[in-house]
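Peer 1: Quick one: the structure is below, questions incoming.
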Amino acid sequence: MSSIVEQDIHADDHHHHAPGGGIKRWLYTTNHKDIGTLYLWFAFIMFLVGGSMAMVIRAELFEPGLQIVEPNFFNQMTTVHGLVMVFGAVMPAFTGLANWMVPMMIGAPDMALPRMNNWSFWILPFAFAILLASLFMEGGGPNFGWTFYAPLSTTYSNDSTALFVFSVHIMGASSIMGAINVIVTIMNMRAPGMTYMKMPLFVWTWFITAFLLIAVMPVLAGAVTMVLTDKFFGTSFFSAAGGGDPVLFQHIFWFFGHPEVYIMILPAFGIISQIVPTFARKPLFGYASMVYATASIALLSFVVWAHHMFTTGMPVAGELFFMIATMLISVPTGVKVFNWVATMWRGAMTFEMPMLFALAFIVLFTIGGFSGLMLAITPVDFQYHDTYFVVAHFHYVLVTGAIFSIFAAAYYWLPKWSGVMFDKKLANWHFWCSLVSVNVLFFPMHFVGLAGMPRRIPDYALQFADFNKWISIGGFAFGLSQLFFLALLIKACRKQGEPAAAKPWEGAEGLEWEIPSPAPYHTFETPPVIK
Amino acid sequence: MSQHAVNPVKSAGKWLLVVIGMFGFGYALVPLYDVFCDITGINGKPSNQAAAYQAVEIDEARVVKVEFMTRSAGGMASEFKPMVQSIKVHPGQLQEVEFYVKNPTDRDIVAQAVPSISPGPAALYMNKTECFCFEQQTLKAGEEVIMPMRFYVDPQLPQDISVFTLSYTLYDVSAQVVAQN
Ligand code: HEM
Ligand SMILES: [Cu+2]
């Protein structure tokens, strides 16, 4: 490859350490590690911001009746909580992990498009500043739910909708740029010998996720644009008066929305597939089947969207089709869970922090998968739809799924990033407190949901009072548990802790462990040789 | 950055085209949805073109109940109701029903009625030869009108449908009409 030769020639032009300090370093940086760090910190801050909104929600729901906030503000909290967590916390965290790890795992010196990388990060804070600022507008911010169904977001919304639309456009542009960067990097910058079927699974899952992103983020952009023109410029895509159809909104939204939920879980599958073999000290069981399962999940995710719309009056044939297609997705998902368990089978397991989170992921994500299967049964969904059962389902797959995988990844790679071992005591507090409280928080939601408590309401019938008290207590405890993680991160960034070895985990394999800890500012300027 | 065999900017450009294409696809879903629903009738939207009444055979053996519902859209001040709540017809039989509307305000309004049928698949078999919903209605301040609607049910109506509901929502479109003139 010609790139090897030329890299040697140009090697001397590079800074071998981070360029001068101060804010400018971070503003102008095109280094994948810097940008990864920025993404990860941004995601964590958004996680805390979105989390505080959840605390408001749970405080109001602690007791029946209206006591702390106005219903309109309550709705703004549920809406912005959802938007911030999906677009501000989970997605940027995964992009941050991709920035840090994908080049190191495929033996590339950086991402393929470093300047675009800088842009795709730096527009994000503006998007969220706009979204959060809209909460302070007269009449408040968006209050129509993260799904912004028309006509709630058109006829019945206020002027802050324009800001909502604009901020979603920016978030979308950012993730599209991030996705293109991942695709181009993986296609063009793999070290010699790193064939596709040798790529670590985290790289594979991100590769497939990136395709999902470029396929559906533009559709989301279209949907918000239609809402904008319906609301302000007299079009009637979603208004029956002008010949449109509000149900059409839901089709367009969920055509984006269902692949979106897989965007938030496929990289998590990748992370778990890196961690489990390391701590079971066995190669991943069924590598190829993992790749194919991921690809089939991604493809199937385009034909199941209407399982969110069973109660919109679809004809029976449609209900049946979407029910069966949805259940079909659980087959490749089941393959994955099976492979993880088979990897652990008779492995020499140890239970370091990344493994604990990975194990919690496997168990709890599966609970979320099962409640998903229940929701996929059309006649049953007529009862469960828009109740707390749905809330329980998606928090099991997203909090104990996506977010636990991000914690697992952070513990797994933090020694590589910071060069020090994290504080194990804080980590243990973080894990055990989170594990207990997250279940106190989300498990009872199944019961109140089955009993008929609707979602997105600030008040509820008295019979739900006891469970809701527990849910709120779990919520506050889970929120507070995250402060252990904050303290741990600050310590690690200050390099307080034992120095970490290049390969701090005995059973770990992969290129990222062949470079010293902390990873130098530039890595693999000469591509490694892959056996 | 070092040079590479493949120019990354070029391949990024290729993916950007996909992005633009998918943005277009989002918009293309709008007409696609309409065409799909026109063919299958699954969203319960009956045709907004007058059907011609060809002398179809009247299926005396079968009785279909058609129910009528009316609603004024939010923010619309009008009284709008069907003169009969429901009617039993034989498929193929031409039938007229009437709707009453009153503009109780002291300004003229332009109204548009939008029909919807439930269960959706019945929409394909509901043939209207005349309907006030085919065009906008100008209602003078205080005016009361009886509006006729003539229809026949296609004898091909699937056997499992013996009753369906036709619902009209009346919208105030005065603002849009003013904007267009
Ligand atoms: C076994 C796989 C899964 C199945 C069968 C499944 C099925 C469903 C169904 C039928 C609904 C609609 C419920 C309703 O609104 O009545 C739903 C909602 C939802 N699912 Fe899943 N799901 C699965 C996995 C996932 C995963 C992996 C995620 C994300 C990581 C996810 C995220 C969501 C979200 C966010 C919602 C709620 C959206 C909203 O209305 O706000 N699901 N799921
Ligand atoms: Cu879905």
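Peer 1: For chain A, what does the helix formula give at 222 nm: sum of -39500 (n - 2.57) over DSSP H segments with n ≥ 4, over the residue count, nearest 500 deg cm²/dmol? Write out the running numbers ahead of the final one.
Peer 2: Working: 19 runs with 341 residues, N = 531.
Per the formula, -21500 deg cm²/dmol.
Peer 1: Right, another one. May I have the count of lysine pairs in region B:28-181 with C-alpha atoms under 15 Å apart, counting pairs 8 or more residues apart or located on different chains? Spell out each step's value before the answer.
Peer 2: Values: B:45/B:128; B:65/B:88; B:81/B:102; B:102/B:140.
So the count of such lysine pairs works out to 4.
Peer 1: Nearest 0.05, what FRET efficiency do residue A:68 and residue A:45 give at R0 = 30 Å with Cβ-Cβ as r? It would help to have the intermediate numbers written out before the result.
Peer 2: Values: r = 24 Å, r/R0 = 0.81.
The computed FRET efficiency comes out at 0.80.
Peer 1: In addition: Enter the angle in degrees (range 0 to 90, nearest 10) between the Cα long axis of helix A:424-450 and the first principal axis of the Cα atoms of chain A, meaning the one along which they spread out most.
Peer 2: Helix A:424-450 sits roughly 30 degrees off the main axis of chain A.
Peer 1: Can you tell me the alpha carbon radius of gyration of the protein assembly as shown divided by the globular rule-of-thumb value 2.2 N^0.38 Å?
Peer 2: On the way: Rg = 28.8 Å, N = 712, 2.2 N^0.38 = 26.7 Å.
Taking N as the residue count of the protein assembly as shown, the ratio is 1.08.
Peer 1: Under 19 Å from a point placed 7 Å out from the Cα of residue B:165 along the Cα-to-Cβ direction: which residues of region B:21-46 have their backbone N that close?
Peer 2: Zone members listed by number: B:42-46.
Peer 1: Let me ask another. Could you give the nm distance between label points at residue B:17 and residue A:514, where each point is 7 Å from its Cα heading toward the beta carbon?
Peer 2: Calculated label separation equals 3.6 nm.
Peer 1: Related question: Take residue B:102 and residue A:462, extend 7 Å from each Cα along the Cα→Cβ direction, and tell me the distance between the two endpoints in nm.
Peer 2: 4.3
Peer 1: Do you know the relative contact order of chain A, to the nearest whole percent, from alpha carbon pairs under 8 angstrom that are 6+ apart? Show your work: numbers first, answer last.
Peer 2: Details: 843 pairs, mean separation 99.2, N = 531.
Once normalised by length, the contact order is 19 percent.
Peer 1: Which far-off residues, 5 or more places away or on another chain, put their amide H under 5 Å from the one on residue B:70, with H placed in the peptide plane?
Peer 2: It is B:168, by chain and number.
Peer 1: Compute the signed sum of charges (Lys and Arg +1, Asp and Glu -1) over the other residues within less than 10 Å, Cβ to Cβ, of residue A:519. Spell out each step's value before the answer.
Peer 2: Numbers: positive: A:33, A:416; negative: A:512.
Here the charged neighbours net out to +1.
Peer 1: Using Cα atoms only, what is the angle between the long axis of helix B:8-40 and the major principal axis of chain B, expressed in degrees (0 to 90) to the nearest 10?
Peer 2: 10
Peer 1: Counting just the Cα atoms, what span does region B:1-40 cover along each of its three principal axes? Round to the nearest Å and put the largest first.
Peer 2: 56, 12, 8
Peer 1: Based on the Cβ-Cβ distance of residue A:123 and residue A:327, what FRET efficiency does E = 1/(1 + (r/R0)^6) give at R0 = 30 Å, to the nearest 0.05? Numbers along the way, then the final one.
Peer 2: Values: r = 39 Å, r/R0 = 1.30.
The pair residue A:123/residue A:327 has a calculated efficiency of 0.15.
Peer 1: Averaged across the residues of B:16-28, what count of C-beta atoms belonging to other chains lies within 10 Å of each residue's C-beta?
Peer 2: On the way: counts 4, 0, 7, 12, 1, 3, 11, 9, 3, 6, 13, 8, 1.
That works out to 6 on average.
Peer 1: On to the next question. Please compute, for the alpha-carbon atoms of region A:391-478, the extent along each of the three principal axes and give them in descending order in Å.
Peer 2: Largest first, region A:391-478 extends 53, 21, 18 Å along its Cα principal axes.
Peer 1: Another question, then. Please list the three semi-axes, largest first and in whole Å, of the ellipsoid equivalent to region A:137-240, using sqrt of 5 times the eigenvalues of its alpha carbon gyration tensor.
Peer 2: On the way: eigenvalues 294, 30, 23 Å².
Square roots of five times the eigenvalues give 38, 12, 11 Å.
Peer 1: Suppose each label sits 7 Å from its Cα in the direction of the beta carbon; what would the residue A:146-residue A:159 distance come out to in nanometres?
Peer 2: 2.9
Peer 1: Want the number for residue B:146 to residue B:134: 0.36 nm per residue separation, take away the alpha-carbon distance, what's left?
Peer 2: On the way: separation 12, 0.36 × 12 = 4.32 nm, distance 1.54 nm.
Length gained, residue B:146 through residue B:134: 2.8 nm.
Peer 1: Take the alpha-carbon centre of region B:20-53, take the same for region B:117-159, and report the distance between them in whole Å.
Peer 2: 19
Peer 1: Then there is this: Other chains near B:44-51: what is the mean number of their Cβ atoms within 10 Å of each residue's Cβ?
Peer 2: For peptide B:44-51, the averaged partner shielding equals 1.
Peer 1: Same structure again: Measure nothing fancy, just the Cα-based angle from helix A:316-344's long axis to the longest principal axis of chain A, in degrees from 0 to 90, nearest 10.
Peer 2: Result, in degrees: 30.
Peer 1: Also: By its C-alpha gyration tensor, with a ≥ b ≥ c as the square roots of the eigenvalues, how is region B:13-115 shaped: rounded for a/c under 1.5, else prolate for a/b larger than b/c, else oblate?
Peer 2: Details: a/c = 3.44, a/b = 1.46, b/c = 2.36.
The shape class here is oblate.
Peer 1: Ignoring solvent entirely, what values of log10 I(q)/I(0) come out of the Debye formula for region B:64-180 at 0.11, 0.13, 0.16 Å⁻¹ when each Cα is a single scatterer?
Peer 2: So the normalised log intensities work out to -0.38, -0.52, -0.74.
Peer 1: For region B:85-181, what relative contact order do you get, as a whole percent, if you take Cα pairs closer than 8 Å and at least 6 residues apart? Intermediate results must be reported in sequence, preceding the final value.
Peer 2: Numbers: 168 pairs, mean separation 41.1, N = 97.
Relative contact order comes out at 42 percent.
Peer 1: So, in Å, what gap is there between the alpha-carbon centers of region A:361-438 and region A:285-348?
Peer 2: About 18 Å separates the Cα centre of region A:361-438 from the one of region A:285-348.
Peer 1: Toward the positive end of the charge dipole of region B:64-180, about the Cα centre and with charges on Cβ (Lys, Arg +1; Asp, Glu -1), which of B:142, B:83, B:121 goes farthest?
Peer 2: B:121
Peer 1: Calculate the length of the line joining the C-alpha centroid of region A:222-253 to that of region A:32-59, in whole Å.
Peer 2: 32
Values in this text are rule-based calculations from the coordinates and carry no lab data. Keep in mind that what you see is a predicted model, and the values were worked out from it rather than measured. Because the Cβ atoms are built from the backbone with ideal geometry, glycine has one as well, and the counts that use them run over all protein chains shown.
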